[in-house]
Every structure is written in structure tokens, then in C-alpha cells.
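Here, each number is a calculation from the coordinates, and none is a lab measurement. All values reported here derive from a predicted model rather than from experimental measurement. Glycine gets a Cβ as well: all are built from the backbone with ideal geometry, and neighbour counts include every protein chain shown.
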Amino acid sequence: MAKTKNLTEEEILKMGEKDYMNKAQVDFFRQKLEALRDDILKYANQTTENLRETVFAPDPVDRASIEEEHALELRTRDRERKLLRKIEQSLLKIEDGSYGWCEETGEPIGIQRLIARPTANLSLEAQERREHRQKMFGE
């Protein structure tokens, strides 16, 4: 299998509409998603180690501070766990050829939006409509 040259964001952005989700772009986003996934997993392992190294603090203020730090770290990891699920879904979409296309309309999501949010599964317009419906109807 021939390996394509790793492109930069600037090179991806300069490509025309006819190049949308060509092999080079798909490879760019696959690498971006895999790097993001690897970073999240690395930090998750660090969190596990940090929580194992529980420090006993006899002072209630120090103990409360340590517990608050742990709670904040766990909330952050929970958000990352949810992001990890979206990353895995995006990687599956790359494999089945549907990555980069809006789940609602079938239109291109857009390179700029995917660079900013590589796990996006809706075009900006479809996302705005969804958020508007949620606000209106509490969905």
C-alpha cells in the first residue's frame, strides 16, 4: 500500500472542493484523530497513577484541597472518555468512507470545521438547527 505524504493544515485548506475527502485528506484526519486518542489514553494512565499515590493529609484544609484536585481531574477524564468514544466513532467512519459527511444532510461538513473539531458529525448548519431545536423543545 503506497503511503501518502503527510499534509499540513495549510495544504489541506488550500485544496479545492473536488479534493474533498480524498486519500490525503482522510489520512490527515486519521492521523489527527489517532494522535488525539493516544494523548487522551496517555493522560488517563497518568491520572490512574496520580490517584494511586494518595497522600494522607492530616490537615482538613489540605485534605479538602487534594480531594478537590482529584475530583477536577476525574471530571476532566470523564469528558475525555466521552471524547474518546467520539474519536473511535470518527475512526470507524473513516474506515467505512462516511467521515466528513453530515449525518443529517449528507452534505460535506467542511475542512475548516473538521480541523477545528475532527469528531464533528454534522455540518455547521445542521448542528445549529439541532441546537436550536434542543433549546426550543428541550430535546
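For the stretch 66-134, GluC sites (Glu not before Pro) are listed when DSSP marks them as loop and at most 15 other Cβ atoms sit within 10 Å of their Cβ; the list is Glu103, Glu104. Think of the chain as having a plus end and a minus end, set by charges on the Cβ of Lys, Arg, Asp and Glu; of Leu92, Tyr43, Gly138, Leu92 sits farthest toward the positive end of this dipole.
Computed on the Cα atoms alone, the convex hull of the chain gives a volume of 160 cubic angstrom per residue.
Under the criterion of Cα pairs below 8 Å and six or more residues apart, the relative contact order for the chain equals 23 percent.
With Cα atoms as the point set, the stretch 21-99 shows a radius of gyration and Dmax of 17.9, 60 Å. Computed extension gain for Asp59 through Thr76, at 0.36 nm per residue and net of the alpha carbon distance, reaches 3.5 nm.
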